[in-house]
Amino acid sequence: MTKARYKRIVLKLSGEALSGTVGYGIEPSVIRNIAEQVKEVAEMDVEVAVVVGGGNIWRGKVGSEMGMDRANADYMGMLATVMNSLALQDSLENLGIPTRVQTSIEMRQVAEPYIRRKAIRHLEKKRVVIFAAGTGNPYFSTDTTAALRAAEVEAEVILMAKNNVDGVYNADPKLVADAVKYDSLTYMDILNEGLGVMDATASSLCMDNDIPLLVFSISEQGNIKKAVAGEDIGTIIRGNK
């Protein structure tokens, strides 16, 4: 049996990861595949928290560029993350994995409000906890949510699953044929070189709280399990090399 390197993780999924090749909305086969991979990890006795983006449904930044009030546009984005979280919860529970969705914006009919101690208790009881609605505040990304929740629940690592790239490169590998992939970086490298892995607020939060970040591809089946086992995939980012 594969041994887990980490006991408690935060898995960061982009909204686009749920849309598959379509690029928008939720692709049932894709979300089931992700749920199956999360189940594999949960069965390794790992405590799993998940933060899901909402870009497959709505992006606050796009709404703002259309002339919307930025705060309103961001709140719409938070609601999009709730929809994705409920879809992921349904897929996980269909596979027999007990799951709780906690939202930063109260909507008690569909999910629990976010309470740190309750989230930790769920994790200790081996329930997958999905953090929805971002931080509950506009102007903050779901990357920042992942960094904040990881610090709050004392996760050992953030696993950032990407659907279109297998790590961090010095240029966009889809546009630059000879783009170089990094095996490891520091958060200062990310900030100084503007690599765009996550926004500056999230990077600073991870750096200040000494939370490592592993960026990898979710497209390959079993990669979440490999990441949890500490296999050499993707790009690892730490406070120091």
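The values are calculated or read from the model by the stated rules, or taken from the named source; none is laboratory data. Just so we're clear, the structure is a prediction, and the values are computed from it rather than from any experiment. Cβ: placed from backbone, ideal geometry, glycine included. Neighbour counts: every protein chain shown.
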TODO: Among the numbered conditions (1) more than 16 Å from the chain's Cα centre (by Cα); (2) surrounded by 18 or more Cβ atoms within 10 Å (Cβ to Cβ); (3) not aliphatic (A, V, I, L, M), tell me where residue 118 comes up short.
DONE: (2)
- [ ] Determine if the range 53-67 includes at least one residue that is more than 26 Å from residue 197 (Cα to Cα) and modelled with pLDDT under 95.
- [x] yes
Open item on the list: Against the definition (out of contact with any Phe, Trp or Tyr (no Cβ under 9 Å at 6 or more places or on another chain), free of Cβ contacts under 8 Å to residues at least 60 places away in the same chain and closer than 12 Å to residue 50 by Cβ), how does residue 121 come out, yes or no?
Closed with: no
Open item on the list: So residue 195 passes all but one of these: (1) surrounded by 15 or more Cβ atoms within 10 Å (Cβ to Cβ); (2) at pLDDT 90 or above; (3) of a type outside the set (Lys, Arg). Which condition number does it fail?
Closed with: (2)
TODO: Mind listing just one residue for me: the one in the range 221-235 that is part of a loop (DSSP other than H, G, I, E, B) and among the small types (Gly, Ala, Ser) and, of those, surrounded by the fewest Cβ atoms within 10 Å (Cβ to Cβ)?
DONE: 222
- [ ] Could you please find all residues in the range 54-75 being surrounded by 17 or more Cβ atoms within 10 Å (Cβ to Cβ), among the hydrophobic types (A, V, I, L, M, F, W, C) and not in a loop (DSSP other than H, G, I, E, B)?
- [x] 73
- [ ] Could you figure out which of (1) of a type in the set (A, V, I, L, M, F, W, C); (2) exposed (fewer than 15 other Cβ atoms within 10 Å of the Cβ); (3) not in a loop (DSSP other than H, G, I, E, B) isn't true of residue 110?
- [x] (3)
Open item on the list: Given the criteria touching a residue at least 12 places away in the same chain (Cβ under 8 Å), surrounded by 14 or more Cβ atoms within 10 Å (Cβ to Cβ) and either among the polar types (S, T, N, Q) or assigned to a loop (DSSP other than H, G, I, E, B) (or both), does residue 140 qualify?
Closed with: yes
Task: Residues located in the range 196-220, provided they are without any contact (Cβ under 8 Å) to a residue 40 or more places away in the chain, out of contact with any Leu (no Cβ under 9 Å at 6 or more places or on another chain) and part of a helix (DSSP H, G or I) - done: 208
